[in-house]
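Notes follow once the structure below has been shown.
Please treat every number below as a calculation from the coordinates, not as lab data. Fair warning: this is a prediction, and the values are worked out from it, not measured in the lab. Using ideal geometry, Cβ is built from the backbone for each residue, glycine included, and neighbour counts are taken over all protein chains shown.
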Amino acid sequence: MSTSSIDDKDITRELWQSRLPICFILSDEDMSKVNRSESPEPLYLMLSRHSYFPCIIEKIFRYYSTYYKGNLNDQTNSINLNNLWLEYESIPLKWHYPIGLLYDLYTSSLSSSSSVSHLPWQIIVHLSKFPENELIRFPDIESIEAHYMTTLKEADALKHKGQIIGDMQKRDHKQLWNSLLQDKYEAFWNINIKLMSYTDNLQYFRYIPFRIYILDKPFMQKLFSPYDIEQNKWMTLYDLLQYTLNHEVQCEKLANEKKILNNNIENYRVIIHGVQPPLHSPIQWLSEYFSYPDNFLHICLIENQMR
Amino acid sequence: MSTVEDDGDTNSLRFGPSNDSEGGSKVVFLLKAAGGAPILKKKKWALPRTKTIGHIVEFLKKYMHLDTQQQQQLFLYVNQAFSPALDTTIGSVNDCFSSEGTLVLHYALTEAWG
């Protein structure tokens, strides 16, 4: 959208600066294997909503591993970085989802009352019994960087048929990732702004990169254009949600699924970056200013509790 | 993947054109070798929409007898450009990236387009 004002840019800076206070608590099981006289205190960290847990996993491991000095080399103990995993309310947390997305999806969905504050976010740290069947092992920085880059490429494939990211130098790709790691807003947006431009004589993105998350379901992603040429109008967040939910319901019916998704938007709270944007927001605008650093809009749909 | 059927099997076509934008029951996709990976005799596959990329990767590793001890990896690519996350459903990949009714996935043993 060509009407970019100073206010719009401020929003990207606000989002970049948003943090979550997180309290990491060692699991009871691993607590029992500690070989120092005092039990580990919880570890408190303020983390960027748009960052990923693998970016700080070494810090967590270093903190807790000091309590196991002496038996780190003991094979039977299995206390090592590779076996570290995080859990919230019995749910193993996926490494490749941005921290803010995990928070919005799980704390909103699992609360009995929306007025209860979930801060600091209490996460259990496990150092053993990695849940092989539920979680993919790749907590190291190189893997998460590879994941970030491939997601960015997918977003550009949708927006610009991959032309812009394809034309970028390798050092620009590196700058995006490094500024994300080092929390450098200006350095990030110097490059990211190129990914927000238009190609092919369009005044908008070809398709919007978005994913919709509902608890206990795989995420939904569809092709959706931000502008309706025939009706000459900008599509809104509401239009995108309605299209996605309707399409998903059709697929479920064709597959004879027993449980069909509720496609009434009124049934959900719509959360992006911890806030509920107005449903009439133009989706092109949201894609340019409200996407995560991976250029995707990660949208949580939280079912309203039945009273 | 016990649900994968050969293109000669009528089951995969029972629910109508699978790559129809209104969402047929099964997604049909072509697997193409890249980066020197072994070529599969069977190139056309069909899976329910809800199966994930991770599921396909695990199946192919066994099907191709990849060495799990050596931790041999398999990479799947879309548009010869990016690797969808392992928890992405094949239905989503199909909805977004099939071309003229066909979804093509490239597989490699090394990072061909990393």
Worksheet item: How much length is gained if the chain between A:Gln250 and A:Lys217 is pulled fully straight, taking 0.36 nm per residue apart and subtracting their Cα-Cα distance, in nm to one decimal?
Response: 10.3 nm
Worksheet entry | Cα gyration tensor shape of segment A:20-135, rounded if a/c is under 1.5, else prolate or oblate by comparing a/b with b/c | prolate
Discussion item. Taking the number of other C-beta atoms within 10 Å as the exposure measure, put A:Glu154, A:Glu248, B:Glu111 in order starting with the fewest.
Written reply: B:Glu111, A:Glu248, A:Glu154
Fill in: Calculated from backbone phi, Karplus (6.51, -1.76, 1.60) coupling profile of segment B:79-96 in Hz, x at Gly/Pro
6, 6, 9, 9, 9, x, 4, 5, 8, 6, 7, 5, x, 5, 4, 5, 4, 8
Worksheet item: What residue among A:Ala157, A:Ala146, A:Ala255 has the largest mean-square fluctuation in a Gaussian network model of chain A, using Cα springs under 10 Å?
Response: A:Ala255
Worksheet item: Just A:Pro42, A:Pro209, A:Pro131 to compare: in a GNM of chain A, with alpha carbon springs under 10 Å, which one fluctuates most?
Response: A:Pro131
Worksheet, complete the sentence: By the C-alpha gyration tensor axes a ≥ b ≥ c (rounded if a/c is under 1.5, else prolate when a/b exceeds b/c, else oblate), the shape of segment A:198-254 is prolate
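So which of A:Lys94/A:Lys222; A:Lys161/A:Lys222; A:Lys9/A:Lys94 end up more than 26 Å apart, counting from Cα to Cα?
Values: A:Lys94/A:Lys222 22 Å; A:Lys161/A:Lys222 15 Å; A:Lys9/A:Lys94 30 Å.
Over 26 Å Cα-Cα: A:Lys9/A:Lys94.
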Practice prompt. Could you list A:His160, B:His55, A:His298, A:His247 in order of exposure, starting from the residue whose Cβ has the fewest other Cβ atoms within 10 Å?
Written response: B:His55, A:His247, A:His160, A:His298
Practice prompt. With θ set to phi - 60°, apply the Karplus curve 6.51 cos²θ - 1.76 cosθ + 1.60 along segment A:179-190 and write out the HN-Hα couplings as whole Hz, x wherever there is a Gly or Pro.
Written response: 6, 5, 4, 9, 6, 10, 4, 5, 4, 5, 6, 4
Worksheet entry | C-alpha long axis of helix A:237-254 to longest principal axis of chain A, angle in ° | 80 degrees
Worksheet, complete the sentence: Least to most buried among A:Leu297, B:Leu40, by other C-beta atoms within 10 Å and fewest first, runs B:Leu40, A:Leu297
Worksheet item: What is the set of long-range amide H partners of B:Val27 at a cut-off below 5 Å, with H atoms built 1.01 Å from backbone N?
Response: B:Leu47, B:Arg49
Fill in: Interchain or long-range residues, amide H under 5 Å from A:Gln122's placed H
A:Cys23
Discussion item. How shielded is A:210-221 by partner chains, expressed as the average number of their Cβ atoms within 10 Å of its Cβ atoms?
Written reply: 3
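Please report, in debye to the nearest 20, how large the charge dipole of the protein assembly as shown is about its Cα centre when each Lys and Arg carries +1 at its beta carbon and each Asp and Glu carries -1 there. Walk me through the numbers on the way to the answer.
Details: 41 positive and 49 negative charges, 110 e Å.
Using only the charged Cβ atoms, the result is roughly 520 debye.
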Item to complete: Using only the Cα atoms, work out Rg/Rh for the protein assembly as shown, with Rh taken as the Kirkwood radius, to two decimals.
Response: 0.96
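Checking the table A:Lys253/B:Lys32; A:Lys217/B:Lys41; B:Lys41/B:Lys62 against a 24 Å threshold on Cα-Cα, which pairs fail?
On the way: A:Lys253/B:Lys32 31 Å; A:Lys217/B:Lys41 34 Å; B:Lys41/B:Lys62 15 Å.
With Cα atoms farther than 24 Å apart: A:Lys253/B:Lys32; A:Lys217/B:Lys41.
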Worksheet, complete the sentence: Note, segment B:62-76: 3J(HN,Hα) by Karplus (6.51, -1.76, 1.60, θ = phi - 60°), whole Hz, Gly/Pro = x, goes 6, 4, 8, 6, 6, 7, 6, 4, 7, 6, 5, 9, 10, 10, 10
